[in-house]
Structure formats: C-alpha cells, structure tokens
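Everything below concerns the one structure shown next.
All of the numbers you see were taken from the coordinates with simple rules; none came from a lab. Just so it is clear, the structure is predicted and the values come from calculations on it, not from any experiment. Neighbour counts run over all protein chains shown; Cβ positions are idealised from the backbone, glycine included.
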Amino acid sequence: LSEDLRAALQSVCATAPDATSYEVDWTRRTTGSALAVCLPASTAEVSAVLQVAARHGVGVTVAGGRTGLVAGAVPDATVVLSTERLTGVRVTNGKALAGAGTTLAEVQRAAAEQGWAYGVDMASRDSATIGGTVATNAGGLHVVGHGTTRAQVLGVEAVLADGSVVSRLHGLAKDATGYDLVQLLVGSEGTLAVVTQVLVRLVAPPRSRQTVLVPLASVEDAVRLVDRARREARGLRAAELLLAAGVELVRDVDGLPPLPPSPVQLLLEAEEGLEDVVPDDALVASDAVDAARLWAYRERMTEAIGRLGVPHKLDVSLPQDRLGEFVDALPSVTAGCTTHVFGHLGDGNLHVNVLGPAPDDDRVDDAVLRLAAAMGGSVGAEHGIGRAKRRWLHLSRTPAELAAMRAVKQALDPHGLLGPGVLLPDVVTGGGPGH
Ligand code: MLT
Ligand code: ZN
C-alpha cells in the first residue's frame, strides 16, 4: 500500500526526499511519522493530493512554517502536506492576497512597500506562514492594538477533504449571504480544510512609535498600568510582561546588558502619550535601534528557554483581574520544576514554560491548565490545541459546544482525513468549564 500511495502522490506533485524534519515539533517535545511529504505548488495540486489520500484512506497533516507550539503540524502516520511552495503576495487597496506558504515577514514587507502595515507580528515572523497563522488564529505581539489573526482575515481559498475548492476572496466589505465559511476555517487547525490562499486587511502604519520598559513591583501593578495606557496613550499596540527570572535568563543566554532589578517588567509600545502614563524610572527608547534593544529582552525569551531543555509550553489566558493570582499560585502546581512565565499582558495571555518533567509526563500540564480553567481562563489562548492539548479541550468548551464542533467536522470531513489526532479529543471526557 505504501509504495502505491507514494507513487500516486508523486504522480500529482513533488515530494520531499527526507521527512525527518517534518516529524518533530519546534520544541522537540512531540515526534511523529510521515507516510510521505507532499509539496504542492498550486491549489489544483493540493486538491489532487487530498483525492489520492482519500482513495487510499490515509490522513493528511498540514504543515506551514512549523513554528507551532502544540504539535499541530506533526504527522501521526499520515501524509504531510506542506504549504511551503504556495507562496507569493500581492497588495491592492489596503488588502494583501497571499499564498498560504508565504511567511508573515513577506506579507509585512509587501504591505510596507505600499505604505501599509499588517496588524499581526510575532518573533517567528521569518518562518511562520500566513496560512499557519490563519489555521491557528495566531495572536502575537500586537493583539492589543489590532486583534488576533481572525480580525484581519477577509477571505480564504481552501480545499475540502473531498478535494473540492471553496473560494471567498472577493473581499467585499458587506456580504450577508449565510454561514461564514471563512471565519469557520480560522482556528480550525487543518482539521476542516487546507487553506491555500488568504486575503487579509492591512492597517495604517503607526505615525510615530514610543517603546518603554517599565519596572514594576507586581503583576497587579502591570495590569493597572496597561489599563491606564489603553485609556490615556494613543495607538497602544503592545503590552508585554516579563518576570525577573526571565530577564536574567535572556541576559545570561544572549549577553544583553543588565536591567535595574525588578520583580516585573512591562514593555509598552504606542504611537504617543506614554510619557504621561509611565513612572519616571521607565526606560524610554530613544530611537528604533534602542527600541529593538528593549524588545530583545522579550523576543529572545522563547529561544532562551528552549536552550534550557525541552519545555512544556502552556499557553493560557485569564481574566485580567485574576492574572496576578494565577502567577502567584503557579509555584504550588509546578514544585520541583523550573518555570518561566511571560506573555501578552494586554490580552490576559500568559505563556507558562515548565522545564524538568520528561516530555511524555503531562502531570504538570494537567495541573497548570486546570488552574487556569478554575480561574475562568482558557487552556489555549493563541497557540491552539494541536496534538498537545486535546486532552484538556473540555476544560474550555462545554459538552454541547464539543458536540457542535464534532458535527461540523463530520459534515466537512466525514472520513476524518484532515488532521487526525489534532484538536478534537477522541472521546468527550466530560465536565464543563472549570471542571
Ligand atoms: C511568544 O509570545 O513569544 C510566542 O507565543 C512564543 C512562545 O510562547 O514561546
Ligand atoms: Zn505569544
């Protein structure tokens, strides 16, 4: 069967000679196995790959830039469909139309060349693809200003499990003609369709930029300051949290200069007005180079943590008024581990990184995710559910919601060919939010 399958796939598109790099996630925590790696160069080739997979009854795992942190692109004895050759971007009338495999940085560059900006940014911009960010409803560094990827998406072209193509790329401002298939695919993590093209709205570039790093005594103080900056500064677009241990870590690993010691650092970026909001001891960037220096403490965090070992990456969101309490409670559920917390404070989104437990020991994952859910939070804020968090989806979605999600999946992909093992748990384990 495998030889037949390989030959059939090779007859419809190029395949990669070596699957190894596609079989492990970015954190190295999850590995899998690929039956083949397909590199379609057009929507027609994507459709042909899905038809071959359907004929052979094998699953298809979609891979973009493979910077995801919940193993959603790691195959599980499936065919990998990589979007890396579906590239190209065109900007017209404040909109960008891009192939799914176009990197975020290329979309940003194309927008800037025409005097626009793209509202989503993240440290993995040079590898993360626009299709992957749509599939996961990625957040990133500017959600406080522009919303998540969902808020930018105007249209998609996608191939369904049976090979049929749905295309909503007209970009009309008004279109009240029934179910919103485009937004249904945003955040569906490759389980409902393969996104092949994306149409996104662009935003006006900031007229000016202020970047400050504010030392604070507590997470609660940082939450209060963000609230004030939202009201009093203009064009707030980033509000990022660092804790003392994380600052020390990036300093050690990357040789960055020391900062005045403080339990909490809050990085704020806005167009103007921050000088009236932040305390006198804030570090204020004098120019773009200086701003990049301040951002380095935040942007290098992920790589610095990755060098300590294989982290358990737990991306959660909390109500604003429970963020401090959650951070204070973490040591009680991560005892004996090394824990680094940072994140997008303006979105109530914390990245809890735990080092120590073996990759397949998920007791600490369970404890942290239950803690977040018990405080009214979400077990998946911006990284998605992927393969890593299926077990805990029921902590954030009710049985009725899970049943509705299954019904959608059954309708669009009745044979379960797309993203097997991703997002939806095999069996509903019961309990509602907070259980
Ligand atoms: C970030 O905010 O830097 C990303 O979500 C990556 C991470 O959580 O490590
Ligand atoms: Zn993040």
query: Residues in the stretch 270-290: is at least one within 15 Å of ligand 1 (Cβ to nearest atom) and surrounded by 14 or more Cβ atoms within 10 Å (Cβ to Cβ)?
result: no
Members of the stretch 50-68 that are under 26 Å from the mean Cα position of the chain (by Cα) and either crowded, with 24+ Cβ neighbours inside 10 Å or of a type outside the set (Lys, Arg) (or both): Leu50, Gly59, Val60, Thr61, Val62, Ala63, Gly64, Gly65, Thr67, Gly68
message: Is it the case, given these coordinates, that Asp366 is more than 21 Å from the chain's Cα centre (by Cα) and either within 20 Å of His312 (Cα to Cα) or charged (D, E, K, R) (or both)?
response: no
message: Going by what's in this entry, would Pro357 be described as in contact with a His (Cβ under 7 Å, 6 or more places away or on another chain) and either closer than 17 Å to Ala71 by Cα or more than 16 Å from ligand 2 (Cβ to nearest atom) (or both)?
response: yes
- prompt: Taking into account only those residues within the stretch 296-315 that are more than 11 Å from ligand 1 (Cβ to nearest atom) and crowded, with 18+ Cβ neighbours inside 10 Å, which is nearest to Arg209 (Cα to Cα)?
  reply: Tyr297
- prompt: Could you say which residue among Ala123, Ala112 is more than 16 Å from ligand 1 (Cβ to nearest atom) and under 26 Å from Arg230 (Cα atoms)?
  reply: Ala112
- prompt: Is there any pair with a first residue in the stretch 138-151 that is touching a residue at least 60 places away in the same chain (Cβ under 8 Å) and a second that is of a type in the set (D, E, K, R) and more than 12 Å from ligand 2 (Cβ to nearest atom) whose Cβ atoms are under 6 Å apart and which are 6 or more apart or on different chains, and what are they?
  reply: His142/Arg237; Gly145/Arg237
message: Out of the residues in the stretch 193-228 meeting the condition of being hydrophobic (A, V, I, L, M, F, W, C) and closer than 16 Å to Gly155 by Cβ, tell me which one is surrounded by the fewest Cβ atoms within 10 Å (Cβ to Cβ).
response: Leu199
field: Condition met for Phe342 (within 13 Å of ligand 2 (Cβ to nearest atom) and either buried (at least 21 other Cβ atoms within 10 Å of the Cβ) or more than 20 Å from Arg28 (Cα to Cα) (or both))
entry: yes
- request: Identify the single condition in (1) within 16 Å of ligand 1 (Cβ to nearest atom); (2) among the polar types (S, T, N, Q); (3) in contact with a helix residue (DSSP H, G or I) (Cβ under 7 Å, 6 or more places away or on another chain) that Asn349 does not satisfy, given that it satisfies every other one.
  value: (3)
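Condition first: in contact (Cβ under 8 Å) with a residue 60 or more places away in the chain and crowded, with 16+ Cβ neighbours inside 10 Å. Now tell me which residues in the stretch 345-375 satisfy that.
Leu345, Gly346, Asp347, Asn349, Leu350, Ala373
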field: Residues that are under 27 Å from Gly255 (Cβ atoms), surrounded by fewer than 21 Cβ atoms within 10 Å (Cβ to Cβ) and either of a type in the set (Ser, Thr, Tyr) or in contact (Cβ under 8 Å) with a residue 60 or more places away in the chain (or both), drawn from the stretch 328-339
entry: Thr338
